[in-house]
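Working notes, structure below.
The values are calculated or read from the model by the stated rules, or taken from the named source; none is laboratory data. Everything quoted here is computed from the prediction, not taken from an experiment. Virtual Cβ from ideal backbone geometry, glycine too; neighbours counted across all protein chains shown. Calculation scope for accessible area: heavy atoms of the full protein, side chains included, ligands and nucleic acids excluded. Shrake-Rupley method; radii C 1.70, N 1.55, O 1.52, S 1.80 Å.
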There are 2 protein chains.
Amino acid sequence: MGALEEAHLAAAAIVACGCEDDDEEEDLAQLDEALPGDAMEPAVRALLVGLGEDERREGLRRTPKRVAKAFRDGTRGYRQKVKDIVQGALFPEVGVDKRTGSAGGTGGQVVVRDIDLFSYCELCLLPFSIQCHVGYVPSGGRVVGLSKLSRVADVFAKRFQSPQRLANEVCGALHASIQPAGVAVTLQCWHIPLPENLKCKSSQGWIRTSHSSRSGVFEGEDSSFWNDFVALLKLKGIDMEMDNHSSFLPWCPLRPHEVLVCNGHSKRTTTNGVISPKSVSTPSNMVSSVSTMLLSLGEDPLRKELLGSPQRYVQWLMRFRACNLDVKLNGFTLNSAGVYERPDEDASDHRAISSELHLPFCAQCEHHLLPFYGVVHIGYFGSGDGEGDRSHFHALVQFYGCKLQVQERMTRQIAEAVYSVSHRGAIVVVEANHICMISRGIEKIRSSTATIAVLGDFLTDSSVKACFLQKVLDTVGLEA
Amino acid sequence: MGALEEAHLAAAAIVACGCEDDDEEEDLAQLDEALPGDAMEPAVRALLVGLGEDERREGLRRTPKRVAKAFRDGTRGYRQKVKDIVQGALFPEVGVDKRTGSAGGTGGQVVVRDIDLFSYCELCLLPFSIQCHVGYVPSGGRVVGLSKLSRVADVFAKRFQSPQRLANEVCGALHASIQPAGVAVTLQCWHIPLPENLKCKSSQGWIRTSHSSRSGVFEGEDSSFWNDFVALLKLKGIDMEMDNHSSFLPWCPLRPHEVLVCNGHSKRTTTNGVISPKSVSTPSNMVSSVSTMLLSLGEDPLRKELLGSPQRYVQWLMRFRACNLDVKLNGFTLNSAGVYERPDEDASDHRAISSELHLPFCAQCEHHLLPFYGVVHIGYFGSGDGEGDRSHFHALVQFYGCKLQVQERMTRQIAEAVYSVSHRGAIVVVEANHICMISRGIEKIRSSTATIAVLGDFLTDSSVKACFLQKVLDTVGLEA
């Protein structure tokens, strides 16, 4: 098995040291201190300038430090040693007679499902999300502490990766360090799409793929251990057969024509309809700044998978470059389509409010240079004389969303723009997932942020506000 | 507001130091080194001896070290400073004219929903699970970095807490450090029940409660900010009104007659039907060891909420004390009820297999002294002459489950016991959630572990194994 051989090499390269089990965090903190991180911050500063930003403004002043720290934390796997993690967590466990069955320390199977991880796409240097499932069959009368399966997987996730290589490396490293009868690793991975391909729901539009790697008794077409592994995943609703339905986009949208070399069970398709990256300019000084960052993180920018990555990362960032034009509200007429009425029995106070709900967006957090994405809900007093035109609102959201932003400011700016044409009042709710909340140390993967701005009559009349919020609630789950 | 006053005091007690934003992990690592942790390990060793265990056996040898580390990590909030976290993460943000509305740096509202946390119940010292939702209304033209809301909440979660006090402290500390127009905190908390009250599904049977705390503009019956907060939570399906349906058990099952003092919006009911803790012996040397541990963690064992806690913790542990009796299989007859047949067209090979599925259990992880809980699925060849008796299997699962265990061993032991009476074969699948995987540094909250042991004909005939696994899959989601 290619994966196994590869990882045996990786394991051979791992140098044992005498640290104690469970002490890797402290160890890591010390390593981080000693890293030559000084080159990172000037490089990030060059990116900010290239994006047309004032690097000295308050929100960006410490961004180079934050980005450098996020990248260092996110690639800490380069500086971690599998042997340190597993060593001291191998426990003797009696098995059963091999003639009668498999269980405990000989045979049987141990599967940890739904380990949430984050890694960095080596093609574009953006984080991607992983649900990792690991199984192994104990051998030699010993089992490994369950949390170590997760920790070892994390060592390889915290690097610049492709999904299949990640599966192979986790599989190989576990095989080499635990020395079991076999290891199975299945990853379900999600890559953020280009902003224009984001759908309304938070995870819709993401590019999904699944990859597996197996060693030892899991190998072969009719391995009963592999069949058991697949069955134990199904008990948690994890069905790898389902994944090919959603793989309608290339894995990394910044490299649309990529064809991955897939070992094991991987499903990949390619598609058209992705905007050519050539349409975005990539200043060479920004590209070389990113190469400097890679070098500073301990990576080799000349490794073949990384050759075009600095340019792709800059392509991504340049989609969010500063734009000093004011939004053009010419031709922005408020529609009466979808007008609904407030449930107020006082007819004299009867006013029509309109709404545009679930408008998708993708912005770039100015504190961490990481995407935040979600939907915008807009309410206003309908003029009653316009044509329904969702695209005007969509353009407004894109204008304020597609830049270095914070969610609070974006919410206010959209509300003020709508208020400038709908003078009686405007209300804006933004719901977003922040990758900076989930891919760094915080790892609050389920968290989401909502912001609300209320102007004019929506502020003074709480019943019209309540009416709008109820309308949003009524449409949750109904959006396309 | 009582909560706010309380937290103002807490905030006043916080000493500022000159550390940089985002450096608290490194800071913490240094603090941990300096802690007088030496008293912890002998205390844990005394607990193991009190549980009738051989503290020198391989699986337990390093347990005192692991338990001490888990408790230190789990109570690190005593040694963290809110001011360090928030300081440096307050960003100037323009608001709108207060006469026209509220947004951005003045008014508006920012809500972070679904922050997953773990805390320790101060009544029994076991971890409990939290979904935390925090909202605030910016004031003074500044907003706080979103991740800081989660970090500050975690500072107070990583202590011995009651849900209401936790809500109050998070609310008050955020109010004092951000100085916004107001803060709202809502917690949904889950406490592990007594083993005998666990239900089949992983989170069923857990004791659920919700608590809120508010300050400033969120206070008052008709606060429009509070109404907006509630509406923004509802967009994510979080409905606090729903929680009173499931609060049919007292919060801490080790203290069944407790009535919490609830400020703000909290829902608590009490109930009967809980086994009296007096039925479990609590050796005084074990109780005093736990008091020593509290002292070593920087807590005051004489604080009134903690007065009975060491005893309750020992009561919990003593439910898992070692039992040297062999399981009695007398009267253990295999039933033919629920017998199903393998889908095999070869009639000569036709054999009936029986199953008992979704048998709940709660064990104590011997590596960390933390619960793992879930369900056991058992398959065997039905003798066809017994009465259906799920309770025999239930007793078998309790016998092997209710002790210091590892899931791999428990799976094997149950399989061997069933095999000893069903000589043709036995198959056992155990699915469990390990609190040690989610409440320590790993925090893989969605992870679950499945183990499988296969004996006799289930090993040699893969179609009967597949038939059993399909039966388990068919019943997922159907169990009571």
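Sparse packing (at most 13 other Cβ atoms within 10 Å of the Cβ) combined with a DSSP loop state is found for the following trypsin sites (Lys or Arg not before Pro) in segment B:85-182: B:Lys98, B:Arg99.
The A-B contact accounts for approximately 7400 Å² of buried accessible area, totalled over both chains at a 1.4 Å probe radius. The mean count of C-beta atoms from other chains within 10 Å of the C-beta of residues in A:135-146, rounded to a whole number, is 3.
Shielding by partners for peptide A:367-377, expressed as the average number of C-beta atoms from other protein chains within 10 Å of each residue's C-beta, is 1. Inter-chain Cβ neighbour count for B:93-102, averaged per residue, equals 6 (cutoff 10 Å, partner chain atoms only). Taken about its Cα centre, segment B:90-181 carries a charge dipole of about 180 debye when Lys and Arg each add +1 at the Cβ and Asp and Glu each add -1 at the Cβ. Taking a ≥ b ≥ c as the square roots of the eigenvalues of the alpha carbon gyration tensor, segment B:398-467 is oblate, as a/c is not under 1.5 and a/b does not beat b/c.
For the cross-link pairs B:Lys158/B:Lys403; A:Lys465/B:Lys158; A:Lys403/B:Lys148; A:Lys199/A:Lys236; B:Lys81/B:Lys236; A:Lys471/B:Lys98, the ones whose C-alpha atoms lie over 29 Å apart are A:Lys465/B:Lys158; B:Lys81/B:Lys236.
Distance from the C-alpha centroid of segment A:111-166 to that of segment B:120-141: 30 Å, rounded to the whole angstrom. Sorting A:391-399, B:228-236 by their mean Cβ neighbour count within 10 Å, with the most densely packed peptide first, gives B:228-236, A:391-399.
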